[in-house]
Each structure stands twice: as C-alpha cells, then as structure tokens.
Amino acid sequence: MPPTDASTEADTDPAARVAPGSGPDAGTRTHTGSDPGAATDCEDTLDLRLPDELIALFARGTERPGDAAAEAGEPWGFADAGVGGVGDPWAGDSGVGGGDLLDRVGGWGPVTTGVGVFQLVPVRPDRDAPLVSRWMNDPAVAAFWELEGPESVVEKHLRPQVDGDGRSVPCLGVLDGVPMSYWEIYRADLDPLARHYPARPHDTGIHLLLGAVADRGRGLGSVLLRSVADHVLDKRPSCARVVAEPDLRNTPSVSAFLSAGFRYSAEVDLPDKRAALMVRDRALRDLL
C-alpha cells in the first residue's frame, strides 16, 4: 500500500494561488535494408546507401522534444513544447506508467484547470528524488508520509514503483510548467487497500502532497484533486471510481477531498492508520 494520503487544506478561495517557492516548502501526505530472404534471381544487385545528411535528419526527427529542453537547462522538458503546447514531450515516455495497468499515465497529457494548465509527469528518481525529498522533510508532510530523512529514503520508496509492474505510478504535478506537488496514481483494486473495503475492478487510488507552504490552505488542493480525479475517469474508461484513504486525523485532507467532489464512504482500519475512505463515482461526477 502506498504510504498515506496527502493533506491538502480546505479552500477559502479556489482560484487564488501563490506561486510555489523553490525551497523545501512541502505539503502533507501516504514502462533498412533489403530482406536477405528475398528472391535472388538477378545476378547484379545495386548497393544503395542513404546520404549522411539524410540519416542525420531522420535521427533528429526521432528525438523526444523534451531531450533538447533538458540539454538547454529545462529538466522537465517543457522548453520546446510547453505544457499544453504543440506536442506533449511526455506522451511517448516509455518509463514509469508504460504498462497497461493504469492506461499509460505518462501519456495522459495536460488538463486545463481553474488555476492553470496541469500535467502529471511520471517521476524519474535520478532527476526528481532531491525535490521530493525536500518536500518529505517538511514536518507537516513527515507527520503523515513518514518519509523524512536522507534522500535515499525517498529513493527507496520510489524505486519499487518505478521498477514495478505499473500498478502504482509516482508523478510530479506540474502546474504552468512548475513542479509543485507529488502524486501517486495506483490501482486500488490491486493494492493491499483492497483487503479493507469492497473493491471493484479498476478502482483507481490517489495520494497527494502539495510542495510549497504557500500553496496550502487556499483551495488549490481541492481544485487539483477534482481535476485529476476527472482526468483519471476520462483516461481510464474501465474505471468507475476514484478512491482515496486519508488519515482521519488529517482533517484538512478529508475536507479537501469532500470539496473536490468525493463522498465519504466509510472508516477503514489500515495497518498504519484509521482512514476515511473517500470515493468519487463516475456516475455522480456531474452532481458532486
């Protein structure tokens, strides 16, 4: 089971947002040539070779847009295409989320929200562990995620997901080109959580933390939770419900899920906490 759910505070002004800082502010928690077998009834053959210039042109055409951006100092690869711009530099990423268990989270693309253009970008530990580790070392985050300490603690948490079968995909939440939150999108029906509630096939779970203190308590979490939950339902037609299990003690998190259109379903006793089972139903998404 992923750690615990992120706390996102209830909102007073859903549209208001202060740009996240670059420091350790954090929120709270939880994949040519000819055929040698062809007919040879002609004695003479013609050995054709493409010009070097043409080969180089083809090679450039197969590069990911994000590669050039990373070389230019844009580590999240948005310099050329931009989030929501022409082309999605992450759509062809065969890394995390490359399997079928979550319908390729890495290729879902951006979504327009009331607070900006948002995209889930699968985590690359070599690139993202330092940032996520700084967020996890905020005391408010550590109280629920319990991943504080050296960077290796976060790497140990990320690696099984990144190298696993795709049932849980850790992501950075990138808002208007700025990484500002950490998410885990996971198959709740394939998670140990399923032992504690009447799971249905393809139930999809969410964990979230907001990275910057300035992004908490302003309703930003509720806006993003609603947008991401609906994005899951749009991109996963086999999924009828998005679920979450915030710690009951984490009142701001429970409130944020309620404001995001989730309904309180039950209290569940998990190995590490007593949780509120929150559910956003496809059938009720236009009513809540």
Contact list, first residue from segment 174-194 and at positive phi, second anywhere and of a type outside the set (Ser, Thr, Tyr) and outside any strand (DSSP E or B), beta-carbon distance below 6 Å, six or more apart or interchain, is 177/78; 177/83
Would you confirm whether or not segment 159-179 contains a residue that is touching a Leu at 6+ places or on another chain (Cβ under 6 Å), within 22 Å of residue 108 (Cα to Cα), crowded, with 22+ Cβ neighbours inside 10 Å and hydroxyl-bearing (Ser, Thr, Tyr)? no
Note on segment 224-276: residues more than 18 Å from the chain's Cα centre (by Cα), of a type in the set (Asp, Glu) and buried (at least 22 other Cβ atoms within 10 Å of the Cβ) are 247
Flagged pairs (Cβ under 9 angstrom, 6 or more apart or on separate chains; first in segment 100-126, of a type in the set (Phe, Trp, Tyr); second in a helix (DSSP H, G or I) and surrounded by fewer than 16 Cβ atoms within 10 Å (Cβ to Cβ)) are 108/234
If you go through 202, 231, the only one that is touching a Ser or Thr at 6+ places or on another chain (Cβ under 7 Å) and not aromatic (Phe, Trp, Tyr) is 202
When every residue in segment 76-114 that is aliphatic (A, V, I, L, M) and at pLDDT 50 or above is compared, the one nearest to the chain's Cα centre (by Cα) is 105
Tell me yes or no: at least one residue of segment 276-285 is part of a helix (DSSP H, G or I), on the phi < 0 side of the Ramachandran plot and not small (Gly, Ala, Ser).
yes
Residue hits (segment 222-253; of a type in the set (Lys, Arg), in contact with a strand residue (DSSP E or B) (Cβ under 7 Å, 6 or more places away or on another chain) and either farther than 18 Å from residue 278 by Cβ or part of a helix (DSSP H, G or I) (or both)) are none
### Query
Is there a residue being in a loop (DSSP other than H, G, I, E, B), in contact with an Asp or Glu (Cβ under 7 Å, 6 or more places away or on another chain), surrounded by fewer than 18 Cβ atoms within 10 Å (Cβ to Cβ) and not aliphatic (A, V, I, L, M) anywhere in segment 212-221?
yes
Among 117, 162, the single one that is more than 25 Å from residue 245 (Cα to Cα), within 16 Å of the chain's Cα centre (by Cα) and not charged (D, E, K, R) is 117
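The values are calculated or read from the model by the stated rules, or taken from the named source; none is laboratory data. Just so it is clear, the model here is predicted, and its values are computed rather than measured. Glycine gets a Cβ as well: all are built from the backbone with ideal geometry, and neighbour counts include every protein chain shown.
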